[in-house]
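Here's the structure, in structure tokens; my notes come after.
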Amino acid sequence: MKKALSIMLIACIAMLFAACHKDGVYNPSKKISKIYYTSTSGYKSLEQVWTWNKNNTLEKIDFYEGSLYKTYNFSYEKKRLVRMNDYANNRYVEYKYDSKGLKESNYYRDGNLMETYTFTHKNGKIIRITETYYSSYKDAPDNRDINPLQFIMPEEMSAAAFEISKKHKKDSKGSYTCTYDLTWTKSNITKMVFLDNDDGYTYSYEAQYDKKKNPFYGAYLSFYFEDNVEDQSKNNITRYEYTDTEDGQTYRSVINIEYNYDGNWPISKRYIYLEDGETGGLTEYEYTK
């Protein structure tokens with residue numbers, strides 16, 4: 001079960017970054033155009049195609065599993081993201097800002113408010129996320145592919161938070177509230193602590209980074225929709241470990257991530273699971289010309 005969780009961490013938080021960035025604006029100097037994945041068996045497949053507008057905002061992301069199966073469309077006000085739509089599944093996310101940056105995000109499905117996230121800022125960075133989900137969550141499909149923290153925290157960190165939160169929502173009755181406390185080292189999130197406000201359950205996650213540029217830095221994209229996307233720290237995670245204590249037992253896992261670069265930009269990455277020496281598949285990035 002624990003091995004399955006660590007795999008899900010890879011398969012799986014819209015923006016946390018330094019004060020010099022404007023929340024909701026994503027305009028990297030190198031822009032992703034396509035993402036490919038090659039499995040350990042050697043099968044390579046196209047996963048995502050990114051389309052950019054002439055004003056340098058991201059218009060949409062097409063997702064593939066052999067063929068196109070869904071599209072996310074993005075809406076802006078003065079280049080600041082205010083809404084993301086998944087029309088095929090009748091879902092959308094709205095973003096609200098104040099003078100400090102991202103204030104609140106609300107996720108809707110079939111017209112019903114499912115979840116609300118509020119953000120606490122300090123020194124230009126988000127240091128706490130408070131999550132509330134409502135009773136309508138119970139009506140959502142069991143296999144929902146929504147990650148409420150995607151593009152808020154690093155990919156690996158958000159995936160861990162998503163799995164923990166999903167489990168506690170399932171066990172909860174009525175509304176549910178939890179918090180995520182974030183620790184920053186310069187422009188990277190180096191620690192996350194999850195706290196379930198009902199039963200006191202905690203989960204700790206720590207990360208290390210390279211000094212190369214992260215092409216997803218500042219991407220206020222899907223936030224609620226779980227796909228193989230990247231983190232929102234300025235640099236790229238090279239190593240992470242998480243500690244999960246439950247029912248008197250503690251599980252710890254350490255995973256390295258190896259990259260290939262074109263100058264300062266990653267063009268591929270691969271996970272190495274240190275507890276058993278296994279190597280994951282290869283994710284590759286193409287950029288616009």
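Quick look at the numbers
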read-out: Residues (among the β-branched types (V, I, T) and within 26 Å of N56 (Cβ to Cβ)) located in region 243-289; value: I267, T283, T288
read-out: Some residue of region 143-155 being surrounded by fewer than 16 Cβ atoms within 10 Å (Cβ to Cβ), over 30 Å from T238 (Cβ atoms) and modelled with pLDDT under 85; value: yes
read-out: Any hit, region 194-203, residues being modelled with pLDDT under 70, surrounded by 16 or more Cβ atoms within 10 Å (Cβ to Cβ) and of a type outside the set (F, W, Y); value: no
read-out: Any hit, region 244-251, residues being in a strand (DSSP E or B) and at pLDDT 90 or above; value: no
read-out: Among the residues listed as L68, L16, the single one being aliphatic (A, V, I, L, M), modelled with pLDDT under 85 and either surrounded by 15 or more Cβ atoms within 10 Å (Cβ to Cβ) or not in a loop (DSSP other than H, G, I, E, B) (or both); value: L16
read-out: Selection within region 238-273 - among the aliphatic types (A, V, I, L, M) and touching a Lys or Arg at 6+ places or on another chain (Cβ under 9 Å); value: V254, I255, I257
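The values are calculated or read from the model by the stated rules, or taken from the named source; none is laboratory data. Source: prediction; values computed, not measured. Don't worry about glycine lacking a Cβ; one is built from the backbone with ideal geometry, like all the others, and counts go over all protein chains shown.
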